[in-house]
Structures are given as structure tokens and as C-alpha cells.
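> To start, I am sharing the structure in question, which I have written as C-alpha cells.
The values are calculated or read from the model by the stated rules, or taken from the named source; none is laboratory data. This one's a predicted model, so the numbers in the text were calculated from it and none came from an experiment. Cβ sites come from the backbone with ideal geometry, for glycine too, and all protein chains shown count toward neighbours.
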């Protein structure tokens, strides 16, 4: 039940005898966490949560507490995380990923440690944990400390090929997650390390069915976590009835002179040579309709922009797996990208704020 908690549940080594004790304790950690758990332990059947806004305008939606509990149990079952699992919460409580770490611990009786959400969450950690969740930036900054985590899920953005290569020999088992607020975090998992960088695919959790719509976008039917069938904008290739590969976002497709280009596929190819944060996009063009542009976040790391652009253009043209249509028509250097509080690039907002 949502208004109860598992007897083994702990926060930072402290056990509780009542909901009131839990609320009193978390009030000392953060007002936002106290407000969320006050709502969680209320008699209401739903709870309001915010979407991240990475693919559109942030919005508030109501999730059924019963479905959130089902999601917590599904994660614990998939990763074999029983009661008294030691877990680290290092994500902000603002969005669903952070909230669900709390709900998993409360529901399943985990021993949860809570630290401030930062870009380097393991920097001051000395103890080890069975389980944690991070965004790619946190993973990148935690490589030398990852031996402290046995199993780690990573969401909120794609893990680059370079970062995936760095984690291959690390003992910690790292998994990418696929999901959204509407699916109460992840509904599918992909192994990221100990894979020899061979192609791996997302595998859905139990009680989740998937198929494609007429746009080749993923459709999710998971009655344990959502009353409605969820139509996504993620273009996928179905590998089997329970496995899929993400090709890109339908709403990111660029139509350049009648050629449809998928930014995510181009970005994966360009990631071989571009080490700074970047993305590609289509901007209005009189002849082509949309022109393919490469945007790079410099943060003051590029001194001679003209030389950098010229060198990069030459390198791009030598890539064996890139077609002539996938070569950007222009390279734009920006000091900073717009992003969500969880570190996701806001493509549309970045383009709009720089008047493209």
C-alpha cells in the first residue's frame, strides 16, 4: 500500500517506526522530498509529477501510486534486488527518476543513502552499494569510483560510444534504461558493459508488450503501469517481440531537399571524431527546405574557431560510414546549450534562443 512502508526501509542508516518519523527525517534533507513523501503517504490514489521537458514543454501529470509500486517491484525482480538492498540516491527528487528511487526503497525495504545531486556524486563516497541510478554526465565523472556500485542504471540521455568503451573493464554492471515519466521510469533495459561493444538491444521488462505504429514509432502496452497504451515519438527497429533498437526521434527528422535525415544516427557517426558536446539539427533554407547544421558546445574550449571548423570538416568528409547527405552544411559554435535540470540538451530551445 502507498500509505505504508516496508519494515526494513532505512534512510542513511536510520530505521523508522512510523510514517511521521520518516516525514520528520526527510524534512531535514529537503522540503521538496518532504512534500513528495507527504503526498505519497496520503490517502490519495494518484500523485502529481513533472515531466523533464527534454522533448517538449514540461508538464505535470498524475500517476497512480499502485502503478508506481508495480514499477518498483518490476525493477527489483529484473535486477534481483531484495529487501535490505543497499542503494544510493544521487538524482534530484524533482523528476520521476529520483522519486522512484525513494519509492523502490520504501516499497521493497531497501537501505537507501541520499546524497546531494551533483555531477560527481561518488566523489566523497567511501562505502559500497548494491544499486544506484545516474545520468550519463554523472557516470562520466564517476569512472574512478564505480567499483563502489555493483549495479548501475543510466537514463536521461544516450551514453556515448566513447563512454561505453571506458566502462567495459569496470566491475560495476552498467545498464542503459528506456522510459519516460508516463511509463514511471524504465520499461526496457540494455546492457552497456562487458559486451565487447557488440550491438545490444533494449529488452522490455516483464508484463510489457511493444509494437510499432504507422510512423515506425514504438508503442508501449503495459497495463501494470499505465491504463492507456502509450504512443511514443521514438523510431525503432523491432528485433523480436521483446527487444528493440532506437533509431531516433520522429520529431527530430530533418527533410533536406527531399532526403530524410535522422539526427541521432548522424550524431553516432560524428561522435567518433567530436569530443565536445554537440548535436545536429535542420534549420530553414530557401533551396533545401531544411539545411543540416552541426552545433558544438565550446564552453571556451575552442580558441581558433575558423581553424577548428576547417579541420573538423576535413575529418568528417573522411569518415567511411557517412553519406554525402549526412555531412553538415554548416558548423556553428555556441558557448552553451540550453538544458533541463537533469542535464539533457534541449534542442529546440537552444535553436530558438540563438534565432535559427
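> Counting just the residues of region 118-129 that are surrounded by 19 or more Cβ atoms within 10 Å (Cβ to Cβ) and out of contact with any strand residue (DSSP E or B) (no Cβ under 6 Å at 6 or more places or on another chain), which one comes out farthest from residue 179 (Cα to Cα)?
122
> Next question. State all residues of region 71-98 that are outside any strand (DSSP E or B) and free of Cβ contacts under 8 Å to residues at least 60 places away in the same chain; if no residue qualifies, say none.
The answer is 72, 73, 76, 80, 82, 85, 90, 98.
> Can you name the residue in region 13-29 that is touching a helix residue (DSSP H, G or I) at 6+ places or on another chain (Cβ under 8 Å) and assigned to a helix (DSSP H, G or I) and is also surrounded by the fewest Cβ atoms within 10 Å (Cβ to Cβ) among such residues?
23
> One residue is enough: does region 30-42 have a residue meeting the conditions surrounded by 15 or more Cβ atoms within 10 Å (Cβ to Cβ), within 15 Å of residue 66 (Cβ to Cβ) and touching a residue at least 40 places away in the same chain (Cβ under 8 Å)?
Yes, there is a match, as at least one residue in region 30-42 is surrounded by 15 or more Cβ atoms within 10 Å (Cβ to Cβ), within 15 Å of residue 66 (Cβ to Cβ) and touching a residue at least 40 places away in the same chain (Cβ under 8 Å).
> Which condition does residue 266 not pass, out of (1) buried (at least 19 other Cβ atoms within 10 Å of the Cβ); (2) assigned to a loop (DSSP other than H, G, I, E, B), if it passes all the others?
If we test residue 266 against (1) buried (at least 19 other Cβ atoms within 10 Å of the Cβ); (2) assigned to a loop (DSSP other than H, G, I, E, B), just (2) comes out false.
> Related question: From 238, 261, 276, 192, grab the single residue that is over 17 Å from the mean Cα position of the chain (by Cα) and surrounded by 17 or more Cβ atoms within 10 Å (Cβ to Cβ).
Within the list 238, 261, 276, 192, the selection yields 261.
> Of the numbered conditions (1) without any contact (Cβ under 8 Å) to a residue 24 or more places away in the chain; (2) farther than 23 Å from residue 71 by Cβ, residue 190 satisfies every one except a single condition; which is it?
(2)
> For region 1-21, name all the residues that are more than 18 Å from residue 129 (Cβ to Cβ), touching a strand residue (DSSP E or B) at 6+ places or on another chain (Cβ under 9 Å) and touching a residue at least 60 places away in the same chain (Cβ under 8 Å).
Correct list: 2, 7.
> Still on this structure, please answer the following. Look at region 296-325 and say how many of its residues are under 20 Å from residue 348 (Cα atoms) and in contact with a helix residue (DSSP H, G or I) (Cβ under 7 Å, 6 or more places away or on another chain).
Number satisfying all stated conditions: 0.
> Tell me whether region 328-350 contains one or more residues that are touching a helix residue (DSSP H, G or I) at 6+ places or on another chain (Cβ under 8 Å), more than 30 Å from residue 96 (Cα to Cα), outside the structural domain of residue 191 (by TED's automatic domain parsing) and not in a strand (DSSP E or B).
The answer is yes, given that some residue of region 328-350 is touching a helix residue (DSSP H, G or I) at 6+ places or on another chain (Cβ under 8 Å), more than 30 Å from residue 96 (Cα to Cα), outside the structural domain of residue 191 (by TED's automatic domain parsing) and not in a strand (DSSP E or B).
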